[in-house]
Amino acid sequence: MQADNSNAGAKAAGKHGPDEPHNLEPDSWPEFRRTAHEALDAAINHLQNRAQAPVWQRPPDRLRHGLRAPLPREGTDSDALMARIVTEFLPHDVGNTHARFFGWVHGAGTPEGLIPDIFAAAMNANLGGRDHIANEVEKQVISWCVEIFSFPPGAGGLILSGSSMATLVALKAAREKHGGTGLRDSGLRNGPPLVAYASDQAHSCIARAFDILGLGKDALRPVPVDGDFRMDLNALETMIRQDRAAGRQPFCLIGTAGSVNVGAIDPLAALADLAAREGLWFHVDGAFGALAVLEPTLRPRLEGVERADSLAFDFHKWLHVNYDAGFVLMRAAEDQRRAFSERPDYLAGAARGLAAGNPWACEYGPELSRGFRALKIWYQIARFGTTRLGALIRMNCAQAQALGQRVRATPALTLLAPVALNIVCFRFDPGGLGGPELDRLNSEIVIRLQEQGRAAPSNTRIGSALAIRVNLTNHRTRMADLDALTKDVLQIGRELTAGE
Ligand SMILES: Cc1ncc(COP(=O)(O)O)c(C=O)c1O
């Protein structure tokens, strides 16, 4: 039997000095152990039975109102809180742990992900710096990423919340590489305006990074794409020439490895050549697509990524690490350190003791306090290995091709973009309807699929057409799920048009 903690003993003794009678330890360790085991069982049950529940169900108003409670002055019993989580929160998740979740670009997570998260909570490590093992785990992840993408010695990186943050960190390093680290003190007051280039299909997080960095969103030039949604190199060269002639200063070229709308991969090797010729920083947004390098049959399509100065990608997408887990990989870790390092007196390093382990991770990005995301990434890669993880990426791409073929073979469905990787954009079009009517119809089909809990694709626009967008970054999806999806789209589409 475990001894109870000292709260009870201290209370009984009635002597606390300046100490309060309580801390935040369990009042009873055996009770806590029971509750924690029940929590783990409930979490496992949720995942094991997830397929039987709707993909998504809207959180009822009753539950939302329950979450507008006043600030609790006193605590609540843990059993009551756990019951609330199990009955009210778990059934109303976003749905990405279900095989029929196809929306946006959500990874599916794994039951195994529970294990590192438990230990990360137990260690409660802060990876901003200092000399402890969690930082070594992050360094191991960094060196695996260097190896995955064949980056040279001197490369490095940082684990971040996602590709939006990774993009911000990469572009700050690019800005300082071009303008000098003096920019960190003086800001962007002087000099010709800096400009950069990405395809008009690039993710909005890139323009947002330009906004946050004070460069302005207009500094990011949208380059037109070809019929396969890949950046048009002739148009790019013309734009660079025109910008230089107008006295602007190009500093960065951004390629996309897996565009958010259709999964297109820009011609990365040609972009790397052009960046070298023009003296531009070459950044690649590979949020989901970059990790396709793990699959040998897909790797050649990403040729050129290994020449990037920086690469943003996510473990929480196609590697199925539980949220959140993104990464910035840098060709020269020193460029990143120069852009972020601050070591005031209270964060000074030491050769020995806890303040050793230099340089610290906080010198490579905006965050000082950093959680132990590295553990779940390390665990996922070590547990499954890159061969199996890569095979699941291959499976999703093959499924996307098969779905694309099914759409082409179905008269009432129209494919709206070539299937480049893992995304299929199509719509229900029974004929005889105008553009706006088709848009409304396909938006309603997606909403009904979601509301009925049958499947969760999302919408986007391909040109002027509203598309049903199916993204496959889901290791649980099988062809039967995609068959059911096309059947449901046709059924709902026919019901809606019959009713009009
Ligand atoms: C191509 C691309 N870039 C960037 C992002 C942003 O990534 P995150 O949501 O991890 O910040 C996404 C998200 O889906 C994306 O698809």
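The values are calculated or read from the model by the stated rules, or taken from the named source; none is laboratory data. Predicted, not measured: the structure shown is a model, and the values here were computed from it. All Cβ positions, glycine included, derive from the backbone under ideal geometry; neighbour counts span all protein chains shown.
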If you check every pair at least six apart or on different chains, which have Cβ atoms under 7 Å apart with a residue in segment 203-228 that is modelled with pLDDT of 95 or more and among the aromatic types (Phe, Trp, Tyr) first and a residue that is part of a loop (DSSP other than H, G, I, E, B) and surrounded by 14 or more Cβ atoms within 10 Å (Cβ to Cβ) second? PHE210/GLY216
Take the residues of segment 85-135 that are of a type in the set (Ser, Thr, Tyr) and farther than 30 Å from CYS362 by Cβ: which is nearest to the chain's Cα centre (by Cα)? THR97
So, first residue assigned by TED's automatic domain parsing to the domain that holds SER204 and within 15 Å of PRO250 (Cα to Cα) in segment 166-181, second residue within 12 Å of the ligand (Cβ to nearest atom) and not in a helix (DSSP H, G or I), Cβ within less than 8 Å, six or more apart or across chains; the pairs are LEU171/HIS283; ALA174/HIS283
Would you mind finding the one in VAL284, VAL293 that is under 30 Å from GLN380 (Cβ atoms), buried (at least 24 other Cβ atoms within 10 Å of the Cβ) and out of contact with any strand residue (DSSP E or B) (no Cβ under 8 Å at 6 or more places or on another chain)? VAL293
When you go through (1) surrounded by 19 or more Cβ atoms within 10 Å (Cβ to Cβ); (2) farther than 26 Å from ASP232 by Cβ; (3) within 16 Å of the ligand (Cβ to nearest atom) one by one for SER161, which number turns out not to apply? (1)
Over segment 101-116, the set of residues touching a helix residue (DSSP H, G or I) at 6+ places or on another chain (Cβ under 9 Å) and either of a type outside the set (Gly, Ala, Ser) or within 16 Å of the ligand (Cβ to nearest atom) (or both) is PHE102, GLY103, GLY109, THR110, PRO111, GLU112, LEU114, ILE115, PRO116
Just checking, does segment 308-329 include any residue being more than 17 Å from the chain's Cα centre (by Cα) and part of a helix (DSSP H, G or I)? no
Quick test for you: out of PHE119, PHE89, PHE149, pick the one residue that is among the aromatic types (Phe, Trp, Tyr), more than 16 Å from the ligand (Cβ to nearest atom), loosely packed, with under 15 Cβ neighbours inside 10 Å and outside the structural domain of GLN48 (by TED's automatic domain parsing). PHE119
Give me the pairs, please: first residue somewhere in segment 283-302 and more than 17 Å from SER259 (Cβ to Cβ), second residue anywhere and within 15 Å of the ligand (Cβ to nearest atom) and of a type in the set (Asp, Glu), beta-carbon distance under 8 Å, and either six or more positions apart or on two chains. none
Could you tell me which numbered condition ARG373 fails, if it satisfies all but one of (1) more than 16 Å from the ligand (Cβ to nearest atom); (2) touching a residue at least 60 places away in the same chain (Cβ under 8 Å); (3) among the basic types (Lys, Arg)? (1)
Search result, residues across segment 399-415 that are part of a helix (DSSP H, G or I) and either within 16 Å of LEU291 (Cβ to Cβ) or of a type in the set (Val, Ile, Thr) (or both): ALA400, VAL407
Inspect all residues belonging to segment 190-202 and state whether any of them is within 12 Å of the ligand (Cβ to nearest atom), touching a strand residue (DSSP E or B) at 6+ places or on another chain (Cβ under 8 Å), assigned by TED's automatic domain parsing to the domain that holds ARG307 and of a type in the set (A, V, I, L, M). yes
In segment 286-316, which residues are near the ligand (Cβ under 9 Å from one of its atoms) and closer than 19 Å to CYS397 by Cα? GLY286, ALA287, PHE288, GLY289, PHE313, ASP314, HIS316
Is there a residue in segment 84-100 that is out of contact with any helix residue (DSSP H, G or I) (no Cβ under 9 Å at 6 or more places or on another chain), within 17 Å of ASN322 (Cβ to Cβ) and modelled with pLDDT of 95 or more? yes
Test set (1) within 16 Å of the ligand (Cβ to nearest atom); (2) under 18 Å from the mean Cα position of the chain (by Cα); (3) part of a helix (DSSP H, G or I) - VAL141 fails condition number: (1)
